[in-house]
Structures are given as C-alpha cells and as structure tokens.
Amino acid sequence: MMSTLTRLRPGAHHPVVVAHQRERAADVQLRIADAITAFAGSMMFVYLHAGLFALWMLVFEADPWPKLTLIVSLEAIFLSTFVMIGQNRQAEFQKAKADHDFVEQEQELKTNTELTREIRRLTEEIHRIVVVDPPSR
C-alpha cells in the first residue's frame with residue numbers, strides 16, 4: 001500500500017498541511033502574526049531598519065542613542081515574541097503531522113500484515129493442492 005505522500009500529485013500538499021493552513025487562515029490573530037513574522041524575516045525588513053535608523057541618527061536627533069536604545073529594545077521584545085509564536089506554530093504543525101503519520105503507518109502495517117497472512121494461506125492451499133493432494137490425471 002502506498003503512503004499518502006507518494007499518492008499526491010507533484011506540487012500538492014499533505015492533507016495535514018492543508019488542514020493546518022486552513023486553521024491558520026481562519027484566525028485573524030494568527031494571520032497577523034504570520035504576516036509580521038514573514039516581513040520581519042525578510043531582507044526588506046533589514047534594509048528598512050538600517051535606512052530608518054541611519055536617517056534618525058544623522059538627521060532627526062542630535063543625541064539619538066537613548067531613544068534609539070529604547071525603541072530597538074522594545075522592538076526586540078516584540079520580534080522575539082513573534083519568533084516564539086512561529087516556533088509554537090511549527091511545533092503544533094509537527095505534532096499534528098506526526099500524529100497523522102503514526103495513524104497512517106499503523107494502518108499500513110495492519111494492511112501489510114493482512115496481506116502477508118493471506119499470501120501464506122494461499123501458498124499453503126496451493127501447496128496442499130499441488131503436492132499433498134494432487135489431482136489425478
């Protein structure tokens with residue numbers, strides 16, 4: 001019996017992945033966290049911050065360090081929270097996928113065991129017919 005992963009067409013997602021994405025899309029807070037995490041993990045985020053901080057330090061503030069330190073510290077707190085949200089989401093997904101895979105593997109093991117028993121029964125029946133009680137000709 002083929003696993004679910006081998007039956008999927010190329011580019012298709014595993015059913016657990018689809019269900020997980022559907023759950024994430026249904027929750028507005030999770031969509032916002034995902035969007036912030038995606039942006040915060042991009043090079044555009046780095047470029048934007050480098051430009052804004054340089055502009056702030058060179059143009060707008062005579063003594064930028066106290067406010068800049070406060071803002072950067074607060075931003076780091078929030079970003080680390082979004083990273084933890086992402087890690088929790090990933091752990092939740094991995095658990096759901098592991099549970100799904102376990103159930104599927106158990107089903108495949110059961111099917112393989114049944115097939116093996118049926119093959120043995122058929123082999124013994126063929127052996128009995130051909131060797132033990134051959135038909136008379």
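All of the numbers you see were taken from the coordinates with simple rules; none came from a lab. Model, not experiment: these values are computed from the prediction. When we count neighbours, we look across all protein chains shown, and the Cβ atoms used for this are built from the backbone with ideal geometry, even at glycine.
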(request) On a C-alpha basis, how far is the centre of segment 76-108 from the centre of segment 36-65 in Å? Whole number, if you could? (result) 32 Å
(message) To make sure I understand the rule: partners must be lysines, Cα under 29 Å from the Cα of Lys110, and not fewer than 8 residues away in the same chain. Which ones qualify?
(response) Lys95, Lys97
(request) Convert each backbone phi in segment 70-86 into a coupling constant with the Karplus relation 6.51 cos²θ - 1.76 cosθ + 1.60 (shift: θ = phi - 60°), then list the ³J(HN,Hα) values in order as whole Hz, x for Gly and Pro. (result) 4, 5, 5, 5, 5, 5, 4, 4, 5, 5, 5, 5, 5, 5, 5, 4, x
(request) Under 13 Å from the Cβ of Thr37, count the other residues' Cβ atoms, weight Lys and Arg +1, Asp and Glu -1, and hand me the total. (result) +2
(message) Tell me which of Leu48, His14, Thr37 sits at the most positive position along the dipole axis of the chain, charges placed on C-beta atoms (Lys, Arg +1; Asp, Glu -1).
(response) His14
(request) Might you report the magnitude of the Cβ-based charge dipole of segment 14-101 about its Cα centre, with Lys and Arg at +1 and Asp and Glu at -1, to the nearest 20 debye? (result) 160 debye
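What does the convex hull of the alpha-carbon atoms of the chain project to on average, in nm²? All intermediate terms of the calculation are to be shown ahead of the outcome.
Numbers: hull surface 56.3 nm².
Average projection, Cα convex hull of the chain: 14.1 nm².
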(request) Can you list which of the GluC sites (Glu not before Pro) found in segment 79-127 are DSSP loop residues with at most 10 other C-beta atoms within 10 Å? (result) none
(request) Evaluate E = 1/(1 + (r/R0)^6) for Val17 and Ile126, where r is the Cβ-Cβ distance and R0 equals 30 Å; express this FRET efficiency to the nearest 0.05. (result) 0.10
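Would you work out the relative contact order for segment 14-101, in percent, from Cα pairs under 8 angstrom that are 6 or more residues apart?
Computed over segment 14-101, the figure is 46 percent.
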(request) Would you mind ranking His49, His20, His127 by Cβ crowding within 10 Å, fewest neighbours first? (result) His127, His49, His20
(request) Starting from the Cα of Leu48, step 7 Å toward the Cβ, then list every residue of segment 62-100 with an amide N under 16 Å from that point. (result) 72, 75-76, 78-80, 82-83
